[in-house]
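**Student:** First the structure, then my questions, so here it is.
The values are calculated or read from the model by the stated rules, or taken from the named source; none is laboratory data. All figures in this text were calculated on a predicted structure; none of them were measured in a lab. For neighbour counting, all protein chains shown are included, and Cβ atoms are generated from backbone atoms with ideal geometry for every residue, glycine included. The area values use the complete protein model at the heavy-atom level, side chains included, leaving out ligands, DNA and RNA. Shrake-Rupley method; radii C 1.70, N 1.55, O 1.52, S 1.80 Å.
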Amino acid sequence: VRTDENCDDEPKHVPGIPNLRIHGSQSLESKALRRHLGLEELDLSGGVRIVGAVDASNQQKGKDAPAGSDVKDDNTSENNDNSAEKVAVNDGDHLKGNDVLLAINNIPIGMDGTIQLSPTRPDERINFRSIVTCERVGKTVLLDVLRNRQRRELKVELDMSKFLVAQYDDFDAVPLYVVVGGCVFSPLSLPLVQEKKSKSPSSFSRYYRDQRYGNEQIIVLSKVLNDEVNVGYHGWKNLVLKSVNGYEPTNIQELVAVLVRKMHSEMIEFRCQLVGQEDADYVICMNLSDVLQSEHRVMNQHMIASWCSTEALSKELREEVEKYEPSEAKRTVCWNTMKDMRAVLERKESN
């Protein structure tokens, strides 16, 4: 339980789960690896190796730092000795791949990646990440690091985990869906994968550690609700959506916007891919008029209240519909089908 004086001044809302901007860590119980990293010659008994880090400058550009990469440090090139003395504190620095993290806030980390539960219970140990996750996003922590065989201290501001695949139910993972011609599309999330209760490893696991940029999501074809409009695609599932009639939506709200604003051709074509087969497309092609006519039939048969979840509608799209459909009663009905929403927006264009 936290009892520090600043606790009352902190905001009650928790913006996210803090992290150190790293992709993961590796235990250092191997004597050969410890010798290779310079731990034995400096008589250091603990620590974990950082396997890769998310570089802040590259993250803003939409790119990750290569896992395990290590940018050459000017201090190291000028003073390439094996001294165990700590260099001056470097504000605003961050961990890099191949760093050895020795301690956080002066709490030593064991070679197995654990720390003491408390000074009064030294024999009970927990994962070192608990030091980070019990803090708030934005707080600065002091790290004791071995980098290129040189000891240093880093002051690191805790970042917020922004996973491409939402991890926690009702926190960053919210049930979202869009039903088009019986094809159910949803953003990929860990609760969605776990709900399937499959004993085989998920092919989506390759995305679990990726960081997202902005509102980016992976949209997947979750299932196909059998109907005459989608004959030929029954049983299709777990495909990653690539494009809709040439448009490439980056999240569920963009997908909805494309469907109600930009579908003017006779056919609607979804191009999907299997994980690991990015050069092979699976095509779902349906007549647009048949899709619109089938909406009520599909939703009634499968007891679905609306063609998409409320959160799948962007604020801009909702405001636009509200502007051109002033009647609240009619507006409430038009949210339920893609056909009715398209009719409201077409009315705007005709005006």
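**Student:** Do we have R49 as modelled with pLDDT of 90 or more, closer than 22 Å to I131 by Cβ and among the basic types (K, R) here?
**Tutor:** Yes; evaluated as a whole, the condition is true for this residue.
**Student:** Then there's this: Take the residues in the range 136-181 that are touching a strand residue (DSSP E or B) at 6+ places or on another chain (Cβ under 6 Å) and of a type in the set (S, T, Y); name whichever of them is least open to solvent (accessible area, probe 1.4 Å).
**Tutor:** Result: S161.
**Student:** In addition: Has the range 238-261 got any residue that is of a type in the set (F, W, Y) and open to solvent by less than 40 Å² (accessible area, probe 1.4 Å)?
**Tutor:** There is no residue in the range 238-261 that is of a type in the set (F, W, Y) and open to solvent by less than 40 Å² (accessible area, probe 1.4 Å).
**Student:** Another question, if that's okay. Condition first: surrounded by 12 or more Cβ atoms within 10 Å (Cβ to Cβ), of a type in the set (S, T, Y) and assigned to a loop (DSSP other than H, G, I, E, B). Can you find one or more residues in the range 322-334 that meet it?
**Tutor:** So far as the range 322-334 goes, no, none of its residues is surrounded by 12 or more Cβ atoms within 10 Å (Cβ to Cβ), of a type in the set (S, T, Y) and assigned to a loop (DSSP other than H, G, I, E, B).
**Student:** Oh, and also: Give the residue that is nearest to L225 (Cα to Cα), with candidates limited to residues of the range 290-315 that are in a loop (DSSP other than H, G, I, E, B) and open to solvent by 80 Å² or more (accessible area, probe 1.4 Å).
**Tutor:** M303
**Student:** Same structure, new question: Among the candidates V220, V231, which residue alone is without any contact (Cβ under 8 Å) to a residue 60 or more places away in the chain, at negative phi and buried (at least 19 other Cβ atoms within 10 Å of the Cβ)?
**Tutor:** V220
**Student:** Return the pair list, or none, for Cβ contacts closer than 8 Å from residues in the range 157-169 that are touching a residue at least 24 places away in the same chain (Cβ under 8 Å) and closer than 16 Å to L20 by Cβ to residues that are of a type in the set (A, V, I, L, M) and surrounded by fewer than 16 Cβ atoms within 10 Å (Cβ to Cβ), at least 6 apart or on different chains.
**Tutor:** Pairs that qualify, where the first residue is touching a residue at least 24 places away in the same chain (Cβ under 8 Å) and closer than 16 Å to L20 by Cβ and the partner is of a type in the set (A, V, I, L, M) and surrounded by fewer than 16 Cβ atoms within 10 Å (Cβ to Cβ), are L158/V137; D159/A56; D159/V137; M160/V137.
**Student:** Something else: Which of (1) closer than 20 Å to V256 by Cα; (2) within 13 Å of the chain's Cα centre (by Cα); (3) of a type outside the set (G, A, S) does K162 not meet, given it meets every other one?
**Tutor:** Only one criterion is unmet by K162, namely (1).
**Student:** Now a separate question. So D281 ticks every box in (1) within 27 Å of S314 (Cα to Cα); (2) open to solvent by 20 Å² or more (accessible area, probe 1.4 Å); (3) at pLDDT 90 or above but one. Which box is left unticked?
**Tutor:** With (1) within 27 Å of S314 (Cα to Cα); (2) open to solvent by 20 Å² or more (accessible area, probe 1.4 Å); (3) at pLDDT 90 or above applied to D281, the lone miss is (1).
**Student:** Find all pairs meeting these conditions: Cβ atoms under 7 angstrom apart; at least six residues apart or on different chains; first residue within the range 271-297 and more than 16 Å from V180 (Cα to Cα) and free of Cβ contacts under 8 Å to residues at least 12 places away in the same chain; second residue of a type outside the set (D, E, K, R) and not in a loop (DSSP other than H, G, I, E, B).
**Tutor:** Qualifying pairs under 7 Å: A280/Q273.
**Student:** Another question about this same structure. Regarding L95, is this residue in a strand (DSSP E or B), closer than 23 Å to G52 by Cβ and at pLDDT 90 or above?
**Tutor:** Against the criterion (in a strand (DSSP E or B), closer than 23 Å to G52 by Cβ and at pLDDT 90 or above), L95 does not qualify.
**Student:** Which numbered condition trips up I268, out of (1) in contact with a helix residue (DSSP H, G or I) (Cβ under 6 Å, 6 or more places away or on another chain); (2) assigned to a helix (DSSP H, G or I); (3) at pLDDT 90 or above?
**Tutor:** If we test I268 against (1) in contact with a helix residue (DSSP H, G or I) (Cβ under 6 Å, 6 or more places away or on another chain); (2) assigned to a helix (DSSP H, G or I); (3) at pLDDT 90 or above, just (2) comes out false.
**Student:** Further, regarding this structure: Residue under question is R125, and the condition is that it be touching a helix residue (DSSP H, G or I) at 6+ places or on another chain (Cβ under 9 Å), surrounded by fewer than 19 Cβ atoms within 10 Å (Cβ to Cβ) and either closer than 27 Å to K31 by Cβ or acidic (D, E) (or both); does it hold?
**Tutor:** Answer is no for this residue.
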